[in-house]
Structures are given as C-alpha cells and as structure tokens.
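What follows draws every value from the coordinates through simple rules; no lab data is involved. What you see is a predicted model; the values in this text were computed from it and never measured. Reconstructed Cβ throughout: ideal geometry from the backbone, glycine too, with neighbour counts over all protein chains shown.
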Ligand code: AHM
Ligand code: MG
C-alpha cells in the first residue's frame, strides 16, 4: 500500500491490529506522546522570543529560559501521560524518583511504564540548535493493579515494548518503533499533523560520519583514541567526516539517515560516561537495532545491560553496524593488551 499522506493517527490505528493481544493501550500511549510533542514543539519554537514576550508582561530573568523549557517539557509529558490514565508509572531524567500513577486505585489495569528524557540537549536551546525528547516503554513486571516499584523500571533494554524520539529541528519529527522496524513522521506545523515521511528507516551498513566530542580526546580510553585515529586515516573511504551537534537525538537522526557512528565514551573525568542508560541509551539502542544498526558500551550490547539504578550512566557507541563492530575491535584489542 502506498504510504503517501498517511498520518501518524492513521498509522497507529492501522498497526494496532497487527498486535494479536493489543488492548489499544500502547496506541493510546503513543497518541499521548504525539499530543505532548506538539505542545512542546510549539513552546520550543517560541524559545527565541522569550525575552521579547517576557518584556510584554512575564517576569522572565534572562538565562532562566533554558531551564524553564526543560521543566515545561517535563511537566507536559508527565501531565499528558498521567491525566489520560494509560500508564501505571513514569520515570523522567528530570525527576529524582519514579512516579506511581493511580497507586490508590486498586482497579487500575494499566500495564505500561514510561521513561522519558523530556528535553535532551537543552543547552542548545539558547543558540537555536535542535533539541529532542526521548521515550521508552516497558510492560510492568509487578502485578497489575498494585503500585509500581523500582523493579518495573530497572529492566534491561531488550524488554522495551516501544521507544522513540521527537527531534525539534528544521522540521519536527517523531520517530518510533514498537519492535517492528522504525518509522519517522514529520509535523506539518500549519495544521499540526504528523505525516509518515520516513517509512522503514534503516542505517546504511557502512557510514562515513563519526560523531564525538573530540575536546575530551585526551581523557578517552586508548581503544577510542585509536578508533578516532583510524577514522582520520587516509585509506579506502577514509578519512571520515566529523559531525557533532551535541544534541544526541539530532546526531543520531542524521547518522541513521546517512550512515555513521555516535560515541560518548567514558573518560578519565567521567568513569561511566555521561549519557543515561535508561532515558537516553536504551531507547536509542532499541531504535538502532530496529533500524539494522548496533549499540554497544564498547564491549557489550546496550540492550543486555541489567540496570542497577534509575539514573545510571553508561559509555555509548551507536550507529552503522560495521562501524560499531570496528570500534569494538579496537576496544577489545586494547583490553587484551592490558592483561
Ligand atoms: P542533557 O541530558 O543534559 O541534555 O545531556 C545530554 C546531551 C546529549 O544530547 C549530547 O549528546 C551530550 O549531552 C553532549 O555532551 P557534551 O557537551 O559533553 O559533548
Ligand atoms: Mg538528556
């Protein structure tokens, strides 16, 4: 069937039928994210006007804007998801602990928990560079009808039922997977509708882009340093091109379309790297694998890691399969030579 002009709403309904035991709960959940994304998008687009609008009545102190938008996005996603009574728990990068929904009501039957990074890369807002929202969905492991516990959130990424991101870029896109490939939808801002613009997204097996904060080079593990040198060598299709926005969602999105590797290694300054396993790496890893790419901590598959705590960090390497394989080779060689 031709996907021309198919809206996200239509796509969700059409694909709900594909789940044998679907109760419609996941569809409702994706719909809520779609709604919150549109509202946050509207707010993000106004970010540059904040001083002007502030002068017109709001008492905005300069510099407050960036943090405010973080908080705004956090509240928006949490409210949208909890008001609609479709999930039993939410954890957010912006919140210290998880939120239990309807924990007083024994009749609630919701089975999904959501983890979100409401506005990733928010230091980019002040300078008009893309930011994103990342989400991740699991089926709870504790009994339905009881309050959620930490166990429901500390599941390995391979248990994810759905994951996706919104990129607020030159266009706003929502990209997600429910485990049957990755599809991308572009917002037509004039009428507030997402259209299927990128069906069955897939990483090229090989890529020519590497994305890493090279300012930290001196602090990186030897294996990463050697891989970066390899990327810069003149041989075959190398040197590769270096591209780093500093907004993971955008870096990931570009690399998935064009072929590339994104790296946030550990360093001598940050022993576990910077990115969060639950809110950032697992959802991106699920998307990467669903798009024929690969995600690793340098040695192990990200989706196999058993989380210990909600805000755990992890080194992250993600992208075109052959590129991540190569990076792992360098990491393993280096580890072997240290014994
Ligand atoms: P944040 O959650 O505080 O926004 O940080 C996550 C962001 C990622 O989007 C991006 O890849 C990374 O931080 C950039 O970090 P750095 O500035 O250290 O390169
Ligand atoms: Mg983040």
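Here are the numbers for the structure shown:
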quantity	calculated
Relative contact order (%) - the chain, alpha-carbon pairs under 8 angstrom, separation at least six	15 percent
Computed E for residue 42/residue 197 - FRET, C-beta separation, R0 30 angstrom, nearest 0.05	0.95
Cα shape, region 130-239, gyration tensor, a/c 1.5 rule	oblate
Where labels lie 7 Å past Cα in the beta-carbon direction, separation of residue 218 and residue 146 in nm	5.3 nm
Sorted by Cβ density within 10 Å, fewest first, the residues 210, 112	112, 210
Relative contact order %, region 108-176, counting alpha carbon pairs below 8 Å whose residues are six or more apart	31 percent
Footprinting exposure proxy for 329, 14 (fewest neighbouring C-beta atoms within 10 Å first)	14, 329
Degrees separating the helix 321-337 axis from the principal Cα axis of the chain, which is the longest one	60 degrees
At R0 = 22 Å, FRET efficiency that the Cβ-Cβ distance of residue 257 and residue 237 yields, to 0.05	0.80
Using alpha-carbon coordinates, inclination of helix 222-232 to the longest axis of the chain, degrees	80 degrees
Label-point separation, residue 23 to residue 271 (7 Å along Cα→Cβ), nm	4.3 nm
The chain: antiparallel DSSP beta bridges as a percent of all, rounded to 5	85 percent
The chain: calculated mean residue ellipticity at 222 nm from DSSP helix runs of at least 4, using -39500 (n - 2.57)	-10000 deg cm²/dmol
Fluctuation leader among 44, 166, 71 - the chain, Gaussian network, Cα springs under 10 angstrom	71
Rounded if a/c under 1.5, otherwise prolate or oblate - region 255-339, Cα gyration tensor axes	oblate
Ranking of 254, 301 by count of other Cβ atoms within 10 Å, fewest first	301, 254
Euclidean distance between Cα centres, region 265-328 to region 193-211, Å	19 Å
Spin-label model distance (nm) - residue 127 vs residue 109, 7 Å beyond Cα toward Cβ	5.1 nm
Zone of residue 311's modelled label, taken as backbone nitrogen in region 86-101 under 20 Å from a point 7 Å along Cα→Cβ	90-100
Angle between the chain longest axis and helix 64-83 axis [Cα atoms, degrees, rounded to 10]	60 degrees
Gaussian network model of the chain, Cα within-10 Å springs - most flexible of 98, 77, 11	11
